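**Student:** Below you'll find the structure I mean.
Rule-based calculations on the coordinates, nothing more; no lab input. Note that the structure is a prediction, hence the values are computed from the model and not measured. With ideal geometry, Cβ positions are generated from the backbone for all residues, glycine too; neighbour counts draw on all protein chains shown.
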Amino acid sequence: MSTAHLDNFTDEMEHDDHDHHEQSFISKYIFSQDHKVIAKQFLISGIIWAIIGGLLSVIFRLQLGFPDMDMAWLRPLLGQWINIDAATGLGKLDTEFYLALVTMHGTIMVFFVLTAGLSGTFSNFLIPLQIGARDMASGFMNMLSYWFFFASSMIMFASFFISTGPASGSWVIYPPLSALPQSMSGAGLGMTLWLVAMALFIVSTLLGGINYIATIINLRTDGMSFTKLPLTIWAFFLTAIIGLLSFPVLLSAALLLILDRSFGTSFYLSEIYIGGEALPNMGGSPILFQHLFWFLGHPEVYIVLLPSLGITSEIISTNSRKPIFGYKAMIGSMMAIAILSFVVWAHHMFVSGMNPFAGSIFMLLTLIIAVPSAIKAFNYITTLWKGNIIFTPAMMFSIGLVSFFISGGVTGIFLGNAALDIQLHDTYFVTAHFHLVMGSAAFFGMIAGVYHWFPKMFGRMMDRKLGYIHFWTSFIGIYLIFFPMHYIGIAGFPRRYYSFTNFDAFSTFTDLNAFISVAAIATFVAQLIFVFNFFYSIFKGKRATQNPWDSTTLEWTTPIEPGHGNWPGPIPKVYRWPYDYSKPGAKEDFIMQTVPYAQTPESNLPHEQELAGLEGKDDNAIKVD
Amino acid sequence: MVTELNIKEVPQKQLGINPKKFILWLFMVSIVMVFAALTSGFIVRQAEGNWLIYELPSQLWVSTVILLISSLTAHWALKAAQNNNSLQTKLGLWVTLGLGLVFLSTQFWVWEILVQHNVYLVGNPGGSFLYVLMGVHGFHLISGLIYIIIMLAKSYRANKVSDIQFQLSLSTTYWHFLDGLWIYLYVFLIIYH
Ligand code: HEM
Ligand SMILES: [Cu+2]
């Protein structure tokens, strides 16, 4: 039935005299099943979440950088979360709300922006376009995926407006803090809403991911073998597999937490006294939660990063006008990362009291994962090396990603040492590490993707000059924010503390903290340039040409604004890999994937010449113009 | 420009199985991961000691056998649909549905027996885990029953039952999967409880 449906659809598209029935506004833009529209829905939701998440960080950076500041002016926004000190009359950020801010910042950025906003946008947009498919395997599931995400977003957003405040046990929601509603105000209704929102989010991710995998495996156009897939698709494919295997584990962990919170079980709770009174819960283990959480949590960081790495591979190769260096090595290292990412989770738990022997096993595995990561970094650099580099904004952001990936990856090797981690765990050093390697790198990949594929999404170009300004302010700003954090972390500053003014040892860092806060606010403001550029260009940008970056992949063979079904005529067939840039002898410095070898005798390598059959003779010759 | 081309260079058709079937398989993978997490959590927690020891109610045998039989009837219904035997298809589906419900009630009965033996959902995780494993499996089994009900409705609406054999093969695969999942859980519980 479903196949029949798909085939009909394809047939219909292939006789292009068939006119499409008019779609209503609602089925075209709101409950759309078209992958391109769903991608834009994810993108715009992601941008909105990124602004909210960024604003939260500005508020807590104000607190960290300027602990004596009068925050009364924030009352119109935050209301009761700013307490007016009776003695001094100064407005102070509520201490528990500080924790809520940190928690929601992490949750929003990791899940809503860099998972849904990133994978949701680019997997949806690029998979059918780059593999040569009319749409996703199941448009309906794809639509559901967005609306589950939307429902999840609404619930998470609603939790800001309840009197006890949103969840505050940090994005990793360790019990017992998250399991006992009486432990802090954010562990009450806010935590419940967090869990409900995340359960919906997981459903959304699974619906999306299953669709991505099924589409990539089953709907590739003729000739698009796995070794001719663009690296973007490889990255989305592996990301979806990682998600499929790890998100259900978070669901299980959350289920047990919900039972502990609402039904009185003791999976994670044992021997706890609150206010001098013993709780009835016996026999649970909070460490069990950490295992389950990080079994998702570590793969999750690669779910966030891999799509960006794929996007950058594509952009760097295109704009270096060179084939990507080590195509197969790139695929191999992504596979290695995907597999290894499931066996290193306990490096987040070195100081949880785990068996030191287990610790050294996990240390070894963790350090091994640096190898494929390094291979990728080298391949980017060697692709750039002696390239004919075109510095488009997308290219700048991609190079920025490589920079962050390296500088953040190096500190990962520090943290991967179980002994060093005793000092560094839960300090700002960790914050610096993952904001560079995951936060900033993945964010830059996402931004690069937007600049690069904007013409395909909206048929217009984003403004270049604003793009350059956006790049330099973000790039410099991010280093100004996170580089100093390493020092603060080495000095022992713990993460997630409301204030350091009570500790004399830390007073030497007051200025540095203020500096970081200023840099953070400036960088946040710089993002508004992007937001402006984005929305302005949708309506007023320069019209795009069909293949503005002289790229080789299939999406640039569609009309400037591809309609429903992507190609008005038959789906193009694929003859070569996606990285034929600057091929010696070729007429132009790029050859599209749709060009048969038979048309490029001047640049074919011997085995390609053979493939094209230009050597032998055959009677079944066909004519092509 | 017109060039003579050789037909040798024909892009290969890419292999693919039916996307719907593939989606079902991926969905089952995600369910497997849910249970992999729960059962490995079980093992990890058990290794820490302070674990409630109790007899597994022998009635679980009954439910296991019932579920196994329901797999056979589901298979029978599918075969009948392939032979376009409408009556047997419907009968097979009804029986499968009935056995599924009996399985669920048996599981519930087992919970009552557990309570009589002072093994509760609330209390030592040794007991709680049993309830969670059975409960989450039961939850998925309900989804399988809903799927069967949908197929029943389709079988009544279809002109020929052989028209729905593909969809029926999906629902049957899912049902066998739920059966296999329970066998896994049961063997797991026998070994580790
Ligand atoms: C060279 C490879 C890497 C190694 C050896 C490594 C190692 C580590 C270690 C040991 C920790 C735990 C630190 C602690 O809490 O004390 C950590 C934290 C973290 N890493 Fe990495 N890492 C690497 C790459 C990455 C990448 C590529 C990402 C993301 C894409 C990433 C994201 C994170 C995150 C998000 C955390 C902190 C989680 C939290 O506690 O909130 N790391 N890393
Ligand atoms: Cu990790």
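**Student:** Going by alpha carbons, how many degrees (0 to 90, nearest 10) lie between the helix axis of A:121-131 and the longest principal axis of chain A?
**Tutor:** 20 degrees
**Student:** Taking 7 Å along the Cα-to-C-beta vector as the label spot, tell me the B:Gln12-A:Ile381 distance in nanometres, rounded to one decimal.
**Tutor:** Using points 7 Å along Cα→Cβ, the separation is 3.7 nm.
**Student:** Any chance you could give the angle, 0 to 90 degrees and rounded to 10, that helix B:59-82 forms with the longest Cα principal axis of chain B?
**Tutor:** Tilt relative to chain B: about 10 degrees.
**Student:** Mind giving me the nanometre distance, one decimal, between the label points for A:Ser360 and A:Arg495, set 7 Å out from Cα along Cα→Cβ?
**Tutor:** Here the answer is 2.7 nm between the modelled labels.
**Student:** OK, next. Report, as an integer, the average count of C-beta atoms from other chains found within 10 Å of each Cβ along A:215-223. Write down the numbers at each step before the final one.
**Tutor:** Working: counts 4, 1, 7, 10, 3, 4, 3, 5, 6.
Per-residue shielding by partner chains comes out at 5.
**Student:** Checking the cross-link filter: which lysines have an alpha carbon closer than 26 Å to that of A:Lys540, excluding same-chain neighbours under 8 positions apart?
**Tutor:** A:Lys28, A:Lys36, A:Lys40, A:Lys456, A:Lys465
**Student:** Right, something else. Could you tell me the distance between the Cα centroids of segment A:40-101 and segment A:107-183, to the nearest Å?
**Tutor:** 22 Å
**Student:** Still on this structure: What are the lysines whose alpha-carbon lies under 18 Å from the alpha-carbon of B:Lys20, with same-chain residues fewer than 8 places away excluded?
**Tutor:** By straight Cα distance, B:Lys20 reaches B:Lys154.
**Student:** Sorted from largest down, what three extents in whole angstroms do the Cα atoms of segment B:55-192 have along their principal axes?
**Tutor:** In descending order, the Cα extents are 54, 23, 18 Å.
**Student:** Kindly state, to the nearest 0.05, the FRET efficiency for B:Phe166 paired with B:Ile69, given R0 = 30 Å and r defined as their beta-carbon distance. Mind showing how you got there, number by number?
**Tutor:** Working: r = 25 Å, r/R0 = 0.82.
Plugging the Cβ-Cβ distance into 1/(1 + (r/R0)^6) gives 0.75.
**Student:** Quick check: pseudo-label points 7 Å beyond the Cα along Cα→Cβ at B:Ala47 and A:Val58, how many nm apart are they?
**Tutor:** 4.8 nm
**Student:** What order, most packed first, do the peptides A:203-209, A:556-562, A:172-178 have when packing is the mean number of other Cβ atoms within 10 Å of each residue?
**Tutor:** Numbers: A:203-209: 24.9, A:556-562: 17.0, A:172-178: 21.0.
Final packing ranking: A:203-209, A:172-178, A:556-562.
**Student:** Here is a follow-up. For a quick check of your reading of the filter: which trypsin sites (Lys or Arg not before Pro) in segment B:107-193 sit in a DSSP loop and have no more than 16 other Cβ atoms within 10 Å? Could you put the intermediate results ahead of the total?
**Tutor:** On the way: sites: B:Lys154, B:Arg157, B:Lys160; in loops: B:Lys160.
Taking segment B:107-193 and a limit of 16 other Cβ atoms within 10 Å, the loop trypsin sites (Lys or Arg not before Pro) found are B:Lys160.
**Student:** Counting other Cβ atoms within 10 Å, keep those with at most 16, restrict to DSSP loop, and tell me which trypsin sites (Lys or Arg not before Pro) in segment A:294-387 are left. Please report the intermediate quantities before stating the final value.
**Tutor:** Numbers: sites: A:Arg321, A:Lys328, A:Lys376, A:Lys386; in loops: A:Arg321, A:Lys386.
Qualifying residues, ordered by number: A:Arg321, A:Lys386.
**Student:** With bins 20 Å wide starting at 0, give me the P(r) of the protein assembly as shown over every alpha carbon pair, in whole percents.
**Tutor:** All Cα pairs considered, the percentages come to 14, 44, 33, 8, 0.
**Student:** Also: Considering segment A:169-316, what Rg and Dmax in Å follow from its alpha-carbon atoms?
**Tutor:** For segment A:169-316, the Cα-based Rg and Dmax read 19.6, 70 Å.
**Student:** Between A:Phe140 and A:Ile30, 0.36 nm times their residue separation minus their Cα-Cα distance comes to what?
**Tutor:** Numbers: separation 110, 0.36 × 110 = 39.60 nm, distance 1.28 nm.
Roughly 38.3 nm would be gained on extension.
**Student:** Sticking with this one: In segment A:242-308, which GluC sites (Glu not before Pro) fall in coil by DSSP and have 12 or fewer other Cβ atoms within 10 Å? It would help to have the intermediate numbers written out before the result.
**Tutor:** Working: sites: A:Glu271, A:Glu277, A:Glu300; in loops: A:Glu271.
Passing sites in segment A:242-308 are A:Glu271.
**Student:** For peptide A:262-268, how many partner chain Cβ atoms fall within 10 Å of a residue's Cβ, on average? List each step's numbers first, then the result.
**Tutor:** Values: counts 0, 4, 5, 11, 5, 6, 2.
If you average over the peptide's residues, the count of other-chain Cβ atoms is 5.
**Student:** Turning to a different aspect of this structure: Would you list B:Trp175, A:Trp81 from fewest to most Cβ contacts within 10 Å? Write out the running numbers ahead of the final one.
**Tutor:** Values: B:Trp175 26, A:Trp81 21.
The most exposed by this proxy come first: A:Trp81, B:Trp175.
**Student:** Another one. What is the mean number of Cβ atoms from other protein chains located within 10 Å of the Cβ atom of each residue in peptide A:247-259, rounded to a whole number? Write out the running numbers ahead of the final one.
**Tutor:** Values: counts 3, 10, 8, 3, 5, 11, 3, 0, 6, 8, 0, 0, 6.
Mean shielding count: 5.
**Student:** Which of the peptides B:109-115, A:352-358, A:115-121, B:44-50 is most tightly packed, and how do the rest follow, going by the mean number of other Cβ atoms within 10 Å of each residue? Before the final figure, lay out the partial values.
**Tutor:** Numbers: B:109-115: 16.0, A:352-358: 11.4, A:115-121: 25.9, B:44-50: 14.0.
Listed from highest to lowest mean packing, they are A:115-121, B:109-115, B:44-50, A:352-358.
**Student:** If one takes the longest principal axis of the Cα atoms in chain A, at what angle in degrees, from 0 to 90 and to the nearest 10, does the Cα axis of helix A:286-320 lie?
**Tutor:** 40 degrees
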